[in-house]
């Protein structure tokens, strides 16, 4: 049995030092992982600079169709009420959704699924796709405004 007198303290042994080093490393890695997980679930897509993007004359879009326009990053649809624009940017982490054969949408990044109306069917996305404002310019050309969301039932009358 070792007895210490006065202020003499035992030196930290190799085994104890390695144990502390291992535990400390695990704590740091765990904290970083928790931070990344929190960041993953708290993602908010960056707000686009309000931009009006011309998409051509409204009669270019046939009834009961949905057309993807890359420059607008939106699907332009036409139904009996008129023309509408559905944002193609996934509300989870900002990937571009792809149209499914059943008329809905799927995000290729994390497999979120949305209905044809943009409502979430399965996550990890928790918010519906945005419906974007459409208007006509003085020449009768339709313009999608990526900086302005509208209610899902909003249509540009044709």
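Here is how the numbers come out for the structure above:
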item	result
Condition broken by residue 67, with the remaining ones in (1) under 26 Å from residue 136 (Cβ atoms); (2) surrounded by 13 or more Cβ atoms within 10 Å (Cβ to Cβ); (3) out of contact with any helix residue (DSSP H, G or I) (no Cβ under 8 Å at 6 or more places or on another chain); (4) touching a residue at least 24 places away in the same chain (Cβ under 8 Å) satisfied	(4)
Matching residues, region 55-79, being out of contact with any strand residue (DSSP E or B) (no Cβ under 7 Å at 6 or more places or on another chain) and under 20 Å from residue 100 (Cβ atoms)	70, 79
Yes/no for residue 140 being modelled with pLDDT under 90, out of contact with any strand residue (DSSP E or B) (no Cβ under 6 Å at 6 or more places or on another chain) and assigned to a strand (DSSP E or B)	no
Matching residues in region 109-126 - criterion: being surrounded by 13 or more Cβ atoms within 10 Å (Cβ to Cβ), in a loop (DSSP other than H, G, I, E, B) and in contact with a strand residue (DSSP E or B) (Cβ under 7 Å, 6 or more places away or on another chain)	112, 115, 118
Residue that is farthest from residue 158 (Cα to Cα) [pool: residues in region 97-108 that are exposed (fewer than 15 other Cβ atoms within 10 Å of the Cβ) and in contact with a strand residue (DSSP E or B) (Cβ under 9 Å, 6 or more places away or on another chain)]	108
Test: residue 94 is surrounded by fewer than 21 Cβ atoms within 10 Å (Cβ to Cβ), within 18 Å of the chain's Cα centre (by Cα), within 16 Å of residue 146 (Cα to Cα) and in contact (Cβ under 8 Å) with a residue 24 or more places away in the chain	yes
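The values are calculated or read from the model by the stated rules, or taken from the named source; none is laboratory data. From a predicted model like this one, the values you see are computed outputs, not experimental measurements. Cβ sites come from the backbone with ideal geometry, for glycine too, and all protein chains shown count toward neighbours.
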